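This report concerns only the one structure given below.
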Amino acid sequence: MSTIHFIGGEKGGVGKSLMARILAQYFIDHGQPFLGFDCDRTHGALLRFYATYSAPAVIDDYQSLDRLVDLAAADPARTILVDLAAQAQQPLSRWMTDSRLLELAPDLKLSLVYWHVMDNGFDSVELLRQCLDQFGHKIKLVLVLNQLRGERFELLESSGQRARAEQMGASSMPLQRLADATMHKIDANSRSFWAAMHNGAGADATLGLLEQQRLWVWIKRAYEEIDRIGV
């Protein structure tokens with residue numbers, strides 16, 4: 001069965017592209033064939049960091065989105081990874097509804113997963129509520145709690161939206177924060193996570209020896225969460 005992973009969350013800067021990059025590296029490291037599609041027309045992270053595996057996609061163009069399903073249906077062993085731009089949920093939902101994708105997916109032997117990336121602010125909680133209103137039980141949902149601004153998600157817990165999501169079958173995973181200086185070095189050199197971890201040591205290295213180790217630990221923990229969710 002093929003799987004299409006949509007990486008969303010609506011809010012700009014919440015970490016959608018970071019999660020997409022982690023999943024891309026996960027598929028590469030686990031020998032899982034995949035195609036990446038980047039919906040961000042100005043700051044496409046998959047196109048920048050994993051260009052060999054990625055192509056652009058247009059979120060408000062049905063033909064562009066149809067191609068994702070055609071490619072997935074053509075090869076059951078293939079995974080499709082879609083990095084959504086901010087405010088993509090409405091056009092994505094409209095395309096799914098007009099195309100009857102959710103109804104057709106079982107016949108196409110197609111699994112759909114929506115990774116809702118969020119920080120610990122109020123806006124992310126409200127956007128999760130809207131996501132549940134739209135998709136609910138219709139699609140497999142994974143909440144990614146990005147700890148870029150802190151490890152505590154009191155607003156999410158007190159809102160009842162996490163409990164509501166779990167009642168609908170959603171899974172959740174924390175995404176721990178990587179030191180800003182380390183991430184800035186990786187981004188400044190447009191390196192994949194693999195390249196950043198294997199760039200050697202010394203004056204010419206992008207990351208210092210211990211930074212490489214911390215990156216390895218960070219990636220390993222993210223992989224463990226992905227394995228636990230089982231998608």
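The values are calculated or read from the model by the stated rules, or taken from the named source; none is laboratory data. Note that the structure is predicted; figures quoted are calculated from it, not measured. Virtual Cβ from ideal backbone geometry, glycine too; neighbours counted across all protein chains shown.
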**Complete:** Log entry, pairs with first residue in segment 84-101 being more than 14 Å from LEU128 (Cα to Cα), second being hydroxyl-bearing (Ser, Thr, Tyr), beta carbons closer than 8 Å, six or more apart or on different chains, reads TRP95/TYR62; ASP98/TYR62; SER99/TYR62
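Being of a type in the set (A, V, I, L, M), surrounded by fewer than 20 Cβ atoms within 10 Å (Cβ to Cβ) and over 14 Å from the mean Cα position of the chain (by Cα) narrows it down to one of ALA86, ALA105, ALA73, ALA57, so name that one.
On the way: ALA86 fails: over 14 Å from the mean Cα position of the chain (by Cα); ALA105 fails: surrounded by fewer than 20 Cβ atoms within 10 Å (Cβ to Cβ); ALA57 fails: surrounded by fewer than 20 Cβ atoms within 10 Å (Cβ to Cβ).
Just one listed residue meets the conditions, ALA73.
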**Complete:** For segment 1-51 the number of residues that are touching a Gly at 6+ places or on another chain (Cβ under 9 Å) and either acidic (Asp, Glu) or in a loop (DSSP other than H, G, I, E, B) (or both) is 6
**Message:** Any residue that is closer than 24 Å to LEU156 by Cα, charged (D, E, K, R) and in the same structural domain as ASN146 (by TED's automatic domain parsing) - is there at least one of those in segment 82-95?
**Reply:** yes
**Message:** If the requirement is being modelled with pLDDT of 95 or more and out of contact with any Gly (no Cβ under 6 Å at 6 or more places or on another chain), which of these qualifies: ARG191, ARG221?
**Reply:** ARG221
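Taking ARG152 as the residue in question, decide whether it is assigned to a loop (DSSP other than H, G, I, E, B) and out of contact with any Lys or Arg (no Cβ under 9 Å at 6 or more places or on another chain).
Details: assigned to a loop (DSSP other than H, G, I, E, B): yes; out of contact with any Lys or Arg (no Cβ under 9 Å at 6 or more places or on another chain): yes.
Answer is yes for this residue.
Just to check your reading of the model, which residue among GLU166, GLU157 is under 20 Å from the mean Cα position of the chain (by Cα), surrounded by 12 or more Cβ atoms within 10 Å (Cβ to Cβ), charged (D, E, K, R) and in the same structural domain as LEU127 (by TED's automatic domain parsing)? Even if it seems obvious, please write down each step before you answer.
Values: GLU157 fails: under 20 Å from the mean Cα position of the chain (by Cα).
Unique residue meeting the criteria: GLU166.
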**Fill in**
Of (1) buried (at least 19 other Cβ atoms within 10 Å of the Cβ); (2) touching a residue at least 24 places away in the same chain (Cβ under 8 Å), ARG152 fails just (1)
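Just one of ASP66, ASP133 is out of contact with any Asp or Glu (no Cβ under 6 Å at 6 or more places or on another chain), in a helix (DSSP H, G or I) and at pLDDT 95 or above; which is it?
Numbers: ASP133 fails: at pLDDT 95 or above.
Step by step, each of ASP66, ASP133 is checked, and only ASP66 is out of contact with any Asp or Glu (no Cβ under 6 Å at 6 or more places or on another chain), in a helix (DSSP H, G or I) and at pLDDT 95 or above.
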**Message:** Exactly one of these conditions fails for ARG191: (1) over 22 Å from HIS30 (Cβ atoms); (2) assigned to a loop (DSSP other than H, G, I, E, B); (3) not assigned by TED's automatic domain parsing to the domain that holds CYS131. Give me its number.
**Reply:** (1)
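Of the residues in segment 28-45, how many are farther than 17 Å from ALA57 by Cβ and touching a residue at least 24 places away in the same chain (Cβ under 8 Å)? Walk me through it before giving the result.
Taking segment 28-45 first, the residues farther than 17 Å from ALA57 by Cβ are 28-33.
From the residues that got through so far, the ones that are touching a residue at least 24 places away in the same chain (Cβ under 8 Å) too are 28-29, 32-33.
Summing the residues that are farther than 17 Å from ALA57 by Cβ and touching a residue at least 24 places away in the same chain (Cβ under 8 Å) in segment 28-45 gives 4.
Within segment 163-187, can you find the residues that are part of a helix (DSSP H, G or I) and closer than 14 Å to VAL117 by Cβ? So that I can check it myself, show each step before the final result.
Going through segment 163-187, the residues part of a helix (DSSP H, G or I) turn out to be 163-167, 180-187.
Hit for segment 163-187 is ALA165, nothing else.
Which one is farthest from VAL14 (Cα to Cα), of the residues in segment 139-152 that are modelled with pLDDT of 85 or more and touching a helix residue (DSSP H, G or I) at 6+ places or on another chain (Cβ under 9 Å)?
In the first step, residues of segment 139-152 are kept if they are modelled with pLDDT of 85 or more; the result is 139-147, 152.
Still in the list and also touching a helix residue (DSSP H, G or I) at 6+ places or on another chain (Cβ under 9 Å): 139, 141-146.
Working: ILE139: 21, LEU141: 17, VAL142: 15, LEU143: 12, VAL144: 10, LEU145: 10, ASN146: 7 Å.
The qualifying residue farthest from VAL14 (Cα to Cα) is ILE139.
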